[in-house]
Each structure stands twice: as structure tokens, then as C-alpha cells.
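The values are calculated or read from the model by the stated rules, or taken from the named source; none is laboratory data. These figures come from a predicted structure and were not determined experimentally. With ideal geometry, Cβ positions are generated from the backbone for all residues, glycine too; neighbour counts draw on all protein chains shown.
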Amino acid sequence: MNPIGSNEINPTPSPALELADANQITQQLWVGGELDPTNRQRAMAQLDELMDRGIRSIIDCRMESNDIDWVTQAKAQIDYLSVGVEDAGYLMPDEWFDDGVTYALDQIGDNCVVLAHCQMGINRGPSMGFAILLAQGWDPIAALELIKSRRPIVRIAYAEDAIRWWLTKQGKDESEVLTQLRRARKWRSTSGVRRTIE
């Protein structure tokens, strides 16, 4: 299922960014990696570039660090949620998805563009982006395909956790959960996107 209204896929995503490590998934959702942690001037230029593309809301999925203080001081118009988790291959807690997705849907509902990012934009940020798409009504495989097509380096290691979280939240029985998990495993097998950690 495709999203409706302002959440539609852009037929052609925005041109590649020159500085920031992020990719547009839908009109209101981007996923990517962190701002430069070693060079504040470059990080500021990356942030400016993201803002030029309309991004006003950031979901930071890193446990190891976050940029909330300097970003929100430098750019008052940016709204920032830090929901850091470790990228160690463990089962992602339901609360992580609940917090990130609730925030994202609220921001998107206010017509904001959201960036979900982690350190390298391989697992945590894209997995949160995937969970957001599920909550918008996307079929799991269509969502995985879309993210992979827009950001080829992804592994989306926590996609299966997101599927279980979302279907359980929707009151689906275990057989439906297992069916969708099998579909995700088959997608991994046929697409070559293995579960790896950053």
C-alpha cells in the first residue's frame, strides 16, 4: 500500500546531497547517517543543506552520542527527538518504535519533513524509517524495497522487530506475524540485504 496525500512517494527523489549523508524516502521522510562529529563547521553546513530540503524534525537513533544541544541552539526551528539505542543486534524494544513513530507521525501531521538517522544510516535510522512507513499503512515488502531503492547501503537490521511491533500493536495474531516475518526473510534472501550491525 502506498501512502496518501502529502506522504506520497516523490516520483523522482530530490537530487543527491553534497554534504549531508541522507536520502529522501517519501516527501516527508528521509533516512541517513550522522552529522560530522569531528568538524562542527562541516556539521553546520550539513544541517543547513538538510534544512534547505525542508527537514525540520530529527529523530536521532544513536545511543553513543547526540547533537540535540548544539542543533537546537543553532537552529531554533529544528525539532529534535533523541531515542538512542545500541546497534548490537539485540531485539529492539517496543517503546523505541512507539516513541519514534509517534513523534514522526505528529511531525508529519503538522506538515514537517522528518529525518530518522543513526551513525552510518545502515540499521537504526532506516529501521525507524521503516517502522514509520508501516504505521502509515505501507506493506512491509513495499516499504523495504522503497528504502533500499532510495538508500542502497541499508541493511535495516531491525525490520523484523518493527514488523512484530507493528502487527502486535494492531492486534494481529501470531500466524499473521509469522507470515510477514517469512516474507521479510524471503525479501532478504532474494535482495541480498543481510542483517548486519554498524
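Brief remarks follow.
- Scope segment 69-97; condition charged (D, E, K, R), outside any strand (DSSP E or B) and under 17 Å from the mean Cα position of the chain (by Cα); matching residues: Glu86, Asp87, Asp94, Glu95
- Check on Ile197, assigned to a loop (DSSP other than H, G, I, E, B), modelled with pLDDT under 95, of a type in the set (A, V, I, L, M) and surrounded by fewer than 19 Cβ atoms within 10 Å (Cβ to Cβ): yes
- Count of residues meeting criterion [farther than 20 Å from Glu95 by Cβ, of a type in the set (Asp, Glu) and free of Cβ contacts under 8 Å to residues at least 60 places away in the same chain] in segment 106-155: 2
- Residues that are surrounded by fewer than 18 Cβ atoms within 10 Å (Cβ to Cβ), within 25 Å of Asp98 (Cα to Cα) and of a type in the set (A, V, I, L, M) within segment 32-70 comprise Met63, Ile68, listed in sequence order.
- Flag if Gly54 is without any contact (Cβ under 8 Å) to a residue 60 or more places away in the chain and under 21 Å from Leu146 (Cα atoms): yes
- Residues located in segment 121-179, provided they are at positive phi and of a type in the set (Lys, Arg): none
- Against the criterion of being within 12 Å of Glu34 (Cα to Cα), in a helix (DSSP H, G or I) and aliphatic (A, V, I, L, M), Leu105 does not qualify.
- Cβ pairs under 9 Å, 6+ apart, first in segment 14-29 and under 14 Å from Gly125 (Cα atoms) and crowded, with 24+ Cβ neighbours inside 10 Å, second of a type in the set (Asp, Glu) and at pLDDT 95 or above: Ala22/Glu49
- Condition check for Ser6: at pLDDT below 80, assigned to a loop (DSSP other than H, G, I, E, B) and hydroxyl-bearing (Ser, Thr, Tyr): no
- In the set Ile163, Ile122, Ile108, only one residue is under 23 Å from Thr26 (Cα atoms), touching a Leu at 6+ places or on another chain (Cβ under 7 Å) and surrounded by 19 or more Cβ atoms within 10 Å (Cβ to Cβ); that residue is Ile163.
- Verdict on Leu181 being among the aliphatic types (A, V, I, L, M), touching a helix residue (DSSP H, G or I) at 6+ places or on another chain (Cβ under 7 Å), more than 27 Å from Leu17 (Cβ to Cβ) and not in a helix (DSSP H, G or I): no
- Yes/no for Gly125 being modelled with pLDDT of 95 or more and under 9 Å from the mean Cα position of the chain (by Cα): yes
- Segment 37-68 - residue that is within 18 Å of Pro126 (Cα to Cα) and of a type in the set (Asp, Glu) and, of those, farthest from the chain's Cα centre (by Cα): Glu64
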